[in-house]
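A short worksheet on the structure shown next.
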Amino acid sequence: MKTVLFLCTGNYYRSRYAEIVFNARAEELGLNWRAVSRGLAPDARNPGPMSRYTMDALQVRKIAYENQLRFPLEVTDSDFEANHLVIAVKEAEHRPLMQQNHPRWLDQVEFWHVHDLDCCGPDEAIPHLDREIDALLNRLAIQ
């Protein structure tokens, strides 16, 4: 089984959505891939284990998430070592955090360009994540 690590700042909204959707779709497609997610700078001020926007979007897509409720986790060197592919969901936001805190792993990170709530609402970000996840799954399916 190969693994992809999704990174965002808080491991609360975008990376959690990517992890859960990727796993559901990879299983449907019979791919030998699994996803995990972590944060580059989790913020304890986030209420609860996962963003309500993430939970709402998963419910709309009829993807179960209840058994995946956990509080955000911060990425460690062992996370980078353990995964075959690492994706940070927004380059402008996450490249500086990678350079500052994990420069050794920077060259191994694939960057997407999915905005957080400071730039757009979930009605734009979630479909963008869906498109990126679908493209990734298609790419992995032909490898």
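Quick look at the numbers
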quantity: Cross-chain or 6+ apart pairs with Cβ under 8 Å, region 94-123 first and within 19 Å of Asn83 (Cα to Cα), then exposed (fewer than 11 other Cβ atoms within 10 Å of the Cβ); calculated: His102/Asp77; Arg104/Asp77; Trp105/Asp77; Leu106/Gln99
quantity: Selection count, region 22-36, where residues are among the charged types (D, E, K, R) and either touching a residue at least 24 places away in the same chain (Cβ under 8 Å) or in a loop (DSSP other than H, G, I, E, B) (or both); calculated: 2
quantity: Filtered residue count, region 64-95, keeping only those that are basic (Lys, Arg) and in contact with a strand residue (DSSP E or B) (Cβ under 7 Å, 6 or more places away or on another chain); calculated: 2
quantity: Pair list, Cβ < 9 Å and 6+ apart or interchain, from region 1-21 residues that are within 19 Å of Gln108 (Cβ to Cβ) to residues that are aromatic (Phe, Trp, Tyr) and buried (at least 23 other Cβ atoms within 10 Å of the Cβ); calculated: Val4/Phe22; Phe6/Tyr17; Phe6/Phe22; Ser15/Phe6; Ala18/Phe6; Glu19/Phe6
quantity: Condition check for Ala92: surrounded by fewer than 18 Cβ atoms within 10 Å (Cβ to Cβ), closer than 24 Å to Ala141 by Cβ and more than 14 Å from the chain's Cα centre (by Cα); calculated: no
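Conditions tested, residue by residue: (1) buried (at least 18 other Cβ atoms within 10 Å of the Cβ); (2) of a type in the set (A, V, I, L, M, F, W, C).
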residue	(1), (2)
Asn11	yes, no
Arg14	yes, no
Ala35	yes, yes
Asp43	no, no
Leu58	yes, yes
Ala64	no, yes
Pro96	no, no
Gln100	no, no
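We did not get these values from a lab; they are worked out from the coordinates using the rules stated. In this text the structure is predicted, and so the values were computed from the model without any measurement. No Cβ is skipped: glycine too gets one built from the backbone with ideal geometry, and neighbour counts run over all protein chains shown.
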